[in-house]
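Remarks on the structure that follows.
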Amino acid sequence: MASTSEVGHAKNVANFEDLITTCTGYGATYNPVNTAIKIPALTAQYTNADNLIDNVVTATDNYNKAVSIRQAEFEPLQKFATKLVNAYIAVNPSKQNIANAKTINSKIQGQKLKKVKVVPVSTGPTTEKIIAPPVVETPKDISASQQSYDQLVEHFSKLVTLLSADPLFLPNEVPLQSASLNAKLIALKTSNTNFGIAYTAVTNTRIARDHALYDKTVGLCDTAQTVKSYVKSVYGASSPEFKMINKIQFKSRTKK
């Protein structure tokens, strides 16, 4: 389910479209000298904001998929690494290689991963665009979490290299064979890289949307207030024209 703040972004854009419709309905009497609040400029601003809302939806969906895929790849890794080391010990390699394999595995077991909850994009029962945000973590959290995944990839890579280099390790079990291990390593690397790309993309699309909606003076919400001031100056504060447009509400972004 989308958060209230995310729904609020879409609602602001939808209300801006209502604002344009209302101003267009005034006919020739809506004739501001400020080109930024003329109908063509307002329409262009609405179209840009609406596209940015769509971009956030798409980026969020891609982010959620990347989170899910990475979790699916990494979740069984610690158990698999232990199984792999036990299978290696069973072929009776050198004591040094056993010690090295156990050391690498201990690092894999000791790496705590920060799980990210997937927030699916909801279409909702309404015609409004509903946007589910990615899980918001502080830069410190993201950095620590990403480092954990990076280190797991590094540790598993070392384990695969160690086992593949030992001619004694020729297991009959397909998942433990060299080709399978290298395929698993590639899958881990790919899912981790794709998560980073998706996280960057969803963050950047949200930033772009926020600039378009909430920047001072030129943002959509401030533009709407400028339009209201103009209508108030033309028709008067007690006029039905101003009362009609003043009912269209815009909420500023809540700072975190």
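The values are calculated or read from the model by the stated rules, or taken from the named source; none is laboratory data. Predicted model, so just to flag it, every value in this text is computed and none were measured. Every residue, glycine as well, gets a Cβ built from its backbone with ideal geometry; the counts of neighbours run over all protein chains shown. These accessible areas exclude ligands, DNA and RNA; they are computed on the full protein's heavy atoms, side chains included. Shrake-Rupley method; radii C 1.70, N 1.55, O 1.52, S 1.80 Å.
The table below lists the values:
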read-out: Residue selected from segment 211-230 under the condition aliphatic (A, V, I, L, M) and part of a helix (DSSP H, G or I), by the criterion farthest from Gly8 (Cα to Cα); value: Val227
read-out: Of residues in segment 207-233 being within 13 Å of Ile53 (Cα to Cα) and free of Cβ contacts under 8 Å to residues at least 12 places away in the same chain, the one least open to solvent (accessible area, probe 1.4 Å); value: Ile207
read-out: Which numbered condition Ala87 fails, given (1) at pLDDT below 95; (2) of a type outside the set (Lys, Arg); (3) within 21 Å of Leu185 (Cβ to Cβ); value: (1)
read-out: Thr43 vs. criteria of a type in the set (S, T, N, Q) and within 30 Å of Tyr235 (Cα to Cα); value: yes
read-out: Conditions (1) open to solvent by 20 Å² or more (accessible area, probe 1.4 Å); (2) of a type in the set (Ser, Thr, Tyr); (3) at pLDDT 95 or above; number of the one not met by Ser5; value: (3)
read-out: Selected residue (criterion: farthest from Leu168 (Cα to Cα)) from residues of segment 83-96 that are open to solvent by 40 Å² or more (accessible area, probe 1.4 Å) and in a helix (DSSP H, G or I); value: Lys83
read-out: Odd one out for Phe80 among (1) under 22 Å from Lys189 (Cβ atoms); (2) surrounded by 18 or more Cβ atoms within 10 Å (Cβ to Cβ); (3) of a type outside the set (Asp, Glu); value: (2)
read-out: Asn204 being more than 33 Å from the chain's Cα centre (by Cα) and either surrounded by fewer than 17 Cβ atoms within 10 Å (Cβ to Cβ) or modelled with pLDDT under 95 (or both); value: no
read-out: Pair list, Cβ < 7 Å and 6+ apart or interchain, from segment 38-52 residues that are closer than 16 Å to Tyr230 by Cβ to residues that are open to solvent by 60 Å² or more (accessible area, probe 1.4 Å) and assigned to a helix (DSSP H, G or I); value: Ile39/Thr24; Ala41/Thr35
read-out: Test: residue in segment 97-104 that is of a type in the set (D, E, K, R) and either surrounded by 21 or more Cβ atoms within 10 Å (Cβ to Cβ) or in contact (Cβ under 8 Å) with a residue 24 or more places away in the chain (or both); value: no
read-out: Failed item in (1) part of a helix (DSSP H, G or I); (2) open to solvent by less than 60 Å² (accessible area, probe 1.4 Å), with Lys107 passing the rest; value: (2)
read-out: Some residue of segment 60-70 being touching a His at 6+ places or on another chain (Cβ under 9 Å) and either in a loop (DSSP other than H, G, I, E, B) or without any contact (Cβ under 8 Å) to a residue 60 or more places away in the chain (or both); value: no
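This table checks each residue for (1) over 26 Å from Tyr235 (Cβ atoms); (2) polar (S, T, N, Q); (3) open to solvent by 70 Å² or more (accessible area, probe 1.4 Å).
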| residue | (1), (2), (3) |
| --- | --- |
| Asn15 | no, yes, no |
| Asp18 | no, no, yes |
| Thr21 | no, yes, yes |
| Ala28 | no, no, yes |
| Asn31 | no, yes, yes |
| Thr58 | yes, yes, yes |
| Asp61 | yes, no, no |
| Arg70 | yes, no, no |
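Every residue, every condition in (1) surrounded by 14 or more Cβ atoms within 10 Å (Cβ to Cβ); (2) at positive phi; (3) small (Gly, Ala, Ser), yes or no:
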{"residue": "Gln151", "(1), (2), (3)": "yes, no, no"}
{"residue": "Leu162", "(1), (2), (3)": "yes, no, no"}
{"residue": "Leu168", "(1), (2), (3)": "no, no, no"}
{"residue": "Pro175", "(1), (2), (3)": "no, no, no"}
{"residue": "Leu185", "(1), (2), (3)": "yes, no, no"}
{"residue": "Phe195", "(1), (2), (3)": "yes, no, no"}
{"residue": "Tyr235", "(1), (2), (3)": "yes, no, no"}
{"residue": "Ser238", "(1), (2), (3)": "no, no, yes"}
{"residue": "Arg253", "(1), (2), (3)": "yes, no, no"}
